[in-house]
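Enquirer: One structure coming up, written as C-alpha cells, with questions to follow.
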Amino acid sequence: MRAAFIGCPYFPLVRTLIFALVLFVTALWVSPASGKVYLTKDEALNFTFPDAEGIERKTLFLTDEEVKKIETLSKAKIESKLFTYYIAMGKEGILGYAIFGSHIVRTKPEVYMVVINPDGSVNHIKILAFYEPEEYLPPKRWFEQFNGKVLDDNLWTKRGISAVTGATLSANGITQEVRKALAVFQIMILKKED
C-alpha cells in the first residue's frame with residue numbers, strides 16, 4: 001500500500017505541502033510573538049487609583065441616536081454600541097474615570113486606558129498592550145501632551161497634539177480613540193452622573 005502511494009504522481013506535491021506545513025507550525029511555535037503586554041486592566045486601575053476606596057464597573061448600551069451624537073462630537077466612528085467604563089471613588093467623592101479600549105494600528109491591536117478627571121479633562125493615557133513592532137509606538141513623553149486636554153478642535157495631531165515621525169498611524173489612532181472616550185464621557189457619563 002505504501003509503495004503504491006509513493007508511486008502516485010501527486011506524492012511529491014503532498015510531501016512538499018506536508019513539509020511546508022511542518023515548517024510553518026514550527027516557526028509559529030519557536031519564534032516569539034511580536035507585541036507586548038505592559039499592564040493588565042486591574043494593574044492599570046490599581047496603579048492609577050491607589051487611594052480609591054472602590055472602583056465600580058459600569059456598562060452603557062448606546063442607542064443609534066447616542067452613537068450619532070458621539071460620532072458627531074468626536075468626529076470618529078463608533079464600532080460598538082456596548083461601552084464599559086470604571087469610576088474610582090475616594091473619601092471626598094469621584095477620583096476619576098477610566099475608559100479602556102483597543103483599535104487596530106496597522107494590522108494589529110493597541111490596547112489603552114484613558115483616565116478622565118471629574119471635570120472632563122484627560123488625566124493621562126496608558127498603553128496596556130501593543131502588538132505592532134515597538135518602533136511604531138510613540139514615546140511616553142508624546143502621550144503626556146494629552147494631560148489636561150479637553151475635547152475641542154485642538155485635540156488632533158498637527159494641531160494641539162504633535163505628530164510623531166515613524167508612528168503616524170499610532171498617533172492618529174490614539175488621538176481618535178481619546179476623542180471618542182471624551183465624547184462618550186460628555187454625552188453619556190456626565191449625563192448619567194448628574
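Enquirer: I need the full set of residues from segment 127-149 which are under 22 Å from A44 (Cβ atoms) and either touching a residue at least 60 places away in the same chain (Cβ under 8 Å) or in contact with a Cys (Cβ under 7 Å, 6 or more places away or on another chain) (or both), in order please.
Expert: I127, L128, A129, F130, Y131, E132, E134
Enquirer: Is one or more of the residues making up segment 138-153 aromatic (F, W, Y), part of a strand (DSSP E or B) and under 14 Å from the mean Cα position of the chain (by Cα)?
Expert: Checked against the condition, which is being aromatic (F, W, Y), part of a strand (DSSP E or B) and under 14 Å from the mean Cα position of the chain (by Cα), segment 138-153 yields no hits at all.
Enquirer: Still on this model: Of (1) in contact (Cβ under 8 Å) with a residue 40 or more places away in the chain; (2) more than 23 Å from G35 (Cα to Cα), S121 satisfies all except one. Which?
Expert: Every condition holds for S121 apart from (1).
Enquirer: Hey, among the residues in segment 44-92 that are charged (D, E, K, R) and in contact with an Asp or Glu (Cβ under 9 Å, 6 or more places away or on another chain), which one's surrounded by the most Cβ atoms within 10 Å (Cβ to Cβ)?
Expert: Of everything passing the filter in segment 44-92, K81 is surrounded by the most Cβ atoms within 10 Å (Cβ to Cβ).
Enquirer: Only one residue in Y97, Y112 is farther than 17 Å from L169 by Cβ and of a type in the set (F, W, Y), so which one is that?
Expert: It is Y97.
Enquirer: Let me ask you something else. Return the total of residues in segment 176-192 being out of contact with any Leu (no Cβ under 7 Å at 6 or more places or on another chain) and among the polar types (S, T, N, Q).
Expert: The qualifying residues number 1.
Enquirer: Checking V184 against (1) of a type in the set (V, I, T); (2) under 26 Å from D51 (Cα atoms); (3) out of contact with any Ser or Thr (no Cβ under 9 Å at 6 or more places or on another chain): exactly one of these is not met. Which one?
Expert: (3)
Enquirer: Does E177 satisfy the criteria of being surrounded by fewer than 20 Cβ atoms within 10 Å (Cβ to Cβ) and touching a residue at least 24 places away in the same chain (Cβ under 8 Å)?
Expert: No.
Enquirer: Just for segment 150-161: of the residues that are surrounded by 13 or more Cβ atoms within 10 Å (Cβ to Cβ) and without any contact (Cβ under 8 Å) to a residue 24 or more places away in the chain, which one is farthest from V122 (Cα to Cα)?
Expert: By that ranking, first place goes to T157.
Enquirer: Turning to a different aspect of this structure: Say whether the condition of being in contact with a His (Cβ under 8 Å, 6 or more places away or on another chain), among the polar types (S, T, N, Q) and not in a helix (DSSP H, G or I) is met by at least one residue in segment 166-189.
Expert: Checked against the condition, which is being in contact with a His (Cβ under 8 Å, 6 or more places away or on another chain), among the polar types (S, T, N, Q) and not in a helix (DSSP H, G or I), segment 166-189 yields no hits at all.
Enquirer: Please go through segment 116-169 and pick out each residue that is touching a Pro at 6+ places or on another chain (Cβ under 6 Å) and of a type in the set (G, A, S).
Expert: Selection gives A167 alone.
Computed from the coordinates by the stated procedures, all read-outs in this text should not be read as laboratory data. None of these values were measured; they are calculated from a predicted model. Counting neighbours? That spans all protein chains shown, and the Cβs are built from the backbone with ideal geometry, glycine included.
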